[in-house]
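Written below as C-alpha cells is the structure these notes are about.
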Amino acid sequence: YPGVTFDAEAVLLYSEIDPALHDAVSSGTYGTPAYPSTIEYRPEYYLVNGDAADSSGPVAAAEAGETILIRLLNAGLQEHAPQILGAYLDAVAEDGSLYPHARKHLGLLLSAGKTLDAILSAEEPGVFPIFDRRLFRSNVSSVTTSMLRTILFEAPVEPPAEE
C-alpha cells in the first residue's frame with residue numbers, strides 16, 4: 001500500500017470445519033433434504049493457517065523497533081475476533097482497500113470472507129500473543145488455548161565491535 005511500510009509480514013488465515021457439511025459435500029448430498037443448507041452449520045474444528053493445534057513458534061519475527069504487517073483472512077463462515085495482548089494494532093486496510101488513516105485497535109472483528117491488514121510495532125523485545133477472543137475451541141485434545149499464535153520482537157543484534 002502506498003505510504004505503508006513494514007519490515008516483516010505475517011498471514012493468519014482463520015477457518016473452521018463442520019464434519020457434517022464436509023461429509024455432505026463429499027457424498028453429494030449437500031443441497032438435498034439430507035443436508036439442505038449451511039443453516040445448521042456447526043463446526044467442530046477451528047483452524048489458524050490450517051492447523052487446529054496451537055503453534056509452537058511465532059508466525060512472524062522482527063527486531064524491536066521494526067514493524068510487522070499482519071494480514072488477517074477469514075475463510076470460514078463464522079466471525080473471528082483476533083485480539084493481541086501487550087500492544088496495539090494499527091489497522092491500515094480492509095478487503096484490499098487502504099483506509100485514509102490507520103485505526104488503532106487491541107482487537108478486530110473479522111467477518112466471514114473478510115480480510116484486514118494491520119501494522120504491529122514494538123519498541124522493546126517481547127512475545128505478543130494473538131488469539132481469537134471468541135474463544136472457539138477445537139475438538140482436539142492437544143489444543144490447550146483458543147487459536148493462539150505469537151509474534152516475536154527480538155532484541156536488535158549489535159554489530160561486532162571493530163578492533
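Listed values, structure above:
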read-out: Mean separation of Cα contacts under 8 Å, 6 or more apart, over the residue count of the chain: relative contact order %; value: 28
read-out: Antiparallel bridge percentage (DSSP; both residues within the chain; nearest 5); value: 75
read-out: Where GluC sites (Glu not before Pro) fall in DSSP loop in region 1-64, at most 15 other Cβ within 10 Å; value: 40, 44
read-out: Computed [θ] at 222 nm, deg cm²/dmol, the chain (DSSP H ≥ 4; -39,500 (n - 2.57); rounded to nearest 500); value: -1500 deg cm²/dmol
read-out: Convex hull projection area averaged over all views, region 64-108, Cα basis, nm²; value: 3.9
read-out: Correct option for Rg and Dmax of the Cα atoms in Å [calculated from the coordinates] among (1) 32.8, 120; (2) 18.7, 79; (3) 27.8, 93; value: (2)
read-out: Per residue value of the accessible surface for the chain (all protein chains in place, 1.4 Å probe), Å²; value: 55
read-out: The chain - percent of accessible surface contributed by carbon and sulfur, probe 1.4 Å; value: 54
read-out: Region 49-125: C-alpha pair distances exceeding 21 Å, %; value: 30
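The values are calculated or read from the model by the stated rules, or taken from the named source; none is laboratory data. Small disclaimer: the values here were computed from a predicted structure and weren't measured. Note that we place each Cβ from the backbone using ideal geometry, even for glycine, and neighbour counts take in every protein chain shown. Please note that ligands, DNA and RNA were not included when accessible areas were found on the heavy atoms of the full protein model with its side chains. Shrake-Rupley method; radii C 1.70, N 1.55, O 1.52, S 1.80 Å.
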